[in-house]
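Each remark here refers to the structure printed beneath this line.
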Amino acid sequence: MGKYYQEEIETASREEILKIQNEKIVKQVKHVYENVPYYRNLMDEKGVKPEDIKSVDDIKKLPFLSKADLRDAYPYGLLGTDLKNCVRIHSTSGTTGRRVVAFYTQHDVDLWEECCARAIVAAGGTKDDVIQVAYGYGLFTGGFGVHGGSQKVGCLTLPMSSGNTERQIQFMMDLGSTILCCTPSYAAFIGESLAEKGYKPTDNKLKAGIFGAEPWTEEMRREIEKSLGIKAYDIYGLTESSGPGVAYECEEQKGMHINEDHFYAEIIDPDTGETLPEGSKGELVFTSLDKEAFPLLRYRTKDICVLTREKCACGRTHIKMCKPMGRSDDMMIIRGVNVFPSQIETVLIKEGYTPNYLIEVDRVKNTDTLDISVELQPGQFSDKVSDIQAKEKALEGAMRTMLGIGPKIHLVPPKSIARSEGKAVRVIDKRKLHD
């Protein structure tokens with residue numbers, strides 16, 4: 001099978017990809033207009049008819065969809081097919097307000113699993129591999145998506161789900177897992193736990209990891225690669241568009257290839273909504289070209305990134321997205337300064353701390369406060385208060401240099417910050433900014 005799962009499409013020429021996209025978008029807009037009254041109303045308000053969309057170049061005439069639309073239309077308002085054709089739902093973690101529920105026909109599930117299979121093969125997966133899926137199963141898309149992809153490739157699939165680290169390690173060692181799939185923060189935790197048990201990175205059989213579902217930095221990638229003795233690959237997806245496998249890294253690790261035969265990507269200015277030229281930094285917008293049950297057109301992801309068509313040495317021709325550089329909505333404005341959690345993480349790893357941290361923002365007497373709790377590693381912990389205080393001061397200085405504002409740092413004992421098994425909660429904003 002070589003290094004591609006579906007070589008013909010993964011290495012298709014630009015013209016072939018465009019031809020597929022143009023055919024699919026015409027069909028999809030018609031399907032949505034006829035079957036999704038919620039979106040039909042948005043199109044009517046904008047004065048757009050299906051026949052106005054003749055190719056992907058016309059996509060910019062269509063209205064956007066946002067998370068707010070998905071909540072307003074809950075549960076069935078954006079359903080694109082008869083409920084009897086649907087075989088599954090998945091749902092977002094619902095960190096803010098109402099959950100978003102996405103529906104799948106069997107065809108949708110098959111295409112999604114194919115996308116995940118491409119990601120697994122790109123990370124070196126073959127039918128000889130043992131894939132340990134430690135993403136959560138259930139409503140969260142992570143477990144099921146990668147699990148289905150793993151079986152399509154023909155790997156021995158361990159449906160571990162997340163948590164129960166003792167059991168994860170037991171199966172990993174006894175069954176010789178070769179590829180680990182989970183969130184980056186959980187991968188880092190498994191690495192810590194293996195070291196505590198006295199295992200060296202060379203003691204496991206892992207060769208690769210496929211990590212996604214939360215933002216992580218290049219520094220964190222290197223840490224994980226070192227602690228597990230693997231090559232760590234990024235994977236991107238969102239429940240709204242199916243789940244993991246919308247885009248994935250190849251061995252070049254220079255951005256994630258978007259499965260362009262299924263998803264059309266645009267970059268827009270988050271403030272004006274206008275489409276930006278290729279290579280610009282802005283908000284990522286996705287259109288599902290062939291989803292039947294939950295066909296989202298121009299869905300605003302809130303992820304800030306850049307798209308590039310630079311030729312990739314792996315031979316794949318699909319456009320690449322960089323690692324999201326934060327979100328247009330998780331950017332915190334603290335005392336007028338834009339702060340992204342990824343900046344804080346970069347400083348922590350550079351200064352030798354774990355990426356297990358919690359950011360708390362509050363407003364006291366009309367002034368924003370920024371408190372960051374950071375876990376110490378077992379070797380860094382000291383009973384001497386003065387040692388800890390000196391380290392906190394040094395870290396505060398490094399943060400001030402990076403962020404432009406000085407936070408209050410609290411170094412806390414190892415393992416005292418709750419580990420998440422799905423997406424790590426990194427930010428608690430207590431300010432009453434939205435009344």
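Observations
- For the chain, averaging the sequence separation of C-alpha pairs within contact (under 8 Å, six or more residues apart) and dividing by the residue count gives a relative contact order of 14 percent.
- Summary of the geometry: the range 351-412 and the range 38-88, compared by the centres of their Cα atoms, lie 45 Å apart.
- Cα gyration tensor category, rounded, prolate or oblate, for the range 224-301 with a/c compared to 1.5: oblate
- Ranked packing of 372-383, 123-134, most packed first, by mean Cβ within 10 Å: 123-134, 372-383
- FRET efficiency, 1/(1 + (r/R0)^6) with R0 25 Å, evaluated for R167 and A418 via beta carbons: 0.80
- When peptides 391-401, 180-190, 152-162 are ranked by their average number of other Cβ atoms within 10 Å per residue, the highest-first order is 180-190, 152-162, 391-401.
- Gyration tensor verdict on the range 1-157 (Cα atoms; rounded if a/c is under 1.5, prolate if a/b is larger than b/c, oblate otherwise): oblate
- Environment charge of I304, counting only residues whose C-beta is closer than 9 Å and scoring Lys/Arg +1, Asp/Glu -1: +1
- Other residues whose C-beta falls under 13 angstrom from the C-beta of G154 contribute a net charge of -1, scoring Lys and Arg +1 and Asp and Glu -1.
- Relative contact order of the range 332-429: 34 percent, from C-alpha pairs under 8 Å at least 6 residues apart in sequence.
- Whole-percent P(r), the range 1-327, all Cα pairs, 20 Å bins from 0: 33, 57, 10, 0.
- Between the helical axis of 218-228 and the longest alpha-carbon principal axis of the chain there is an angle of about 70 degrees.
- Environment charge at Q170 (Cβ cut-off 15 Å; Lys +1, Arg +1, Asp -1, Glu -1): -1
- In degrees, nearest ten, helix 141-153 long axis to first principal axis of the chain (Cα): 70 degrees
- With 19 Å as the limit, the listed pairs K27/K60; K127/K205; K49/K281; K152/K323; K323/K408; K3/K226 have K49/K281; K152/K323; K323/K408; K3/K226 beyond it between alpha carbons.
- Near the amide H of C250, within less than 5 Å, lie the amide hydrogens of H257, all on another chain or at least 5 residues away, with H placed in the peptide plane.
- Scaled to the globular estimate 2.2 N^0.38 Å, the Cα spread of the range 332-429, given as radius of gyration, is 1.06.
- Fraction of beta bridges assigned by DSSP in the chain that are antiparallel (%, nearest 5): 60 percent
- Residues whose amide H comes within less than 5 Å of that of L411, counting only those at least five positions distant or on another chain, are V374 (H built at 1.01 Å from N in the peptide plane).
- Relative contact order of the range 208-283, taken over Cα pairs closer than 8 Å and 6 or more residues apart, is 19 percent.
- Angstrom value of the Kirkwood radius, inverse mean 1/r, which spans all Cα pairs in the range 156-242: 13.2 Å
Values quoted throughout were computed directly from the atomic coordinates according to the rules given, and no laboratory measurement underlies them. All values reported here derive from a predicted model rather than from experimental measurement. Positions of Cβ are backbone-derived with ideal geometry, glycine not excepted, and every protein chain shown enters the neighbour counts.
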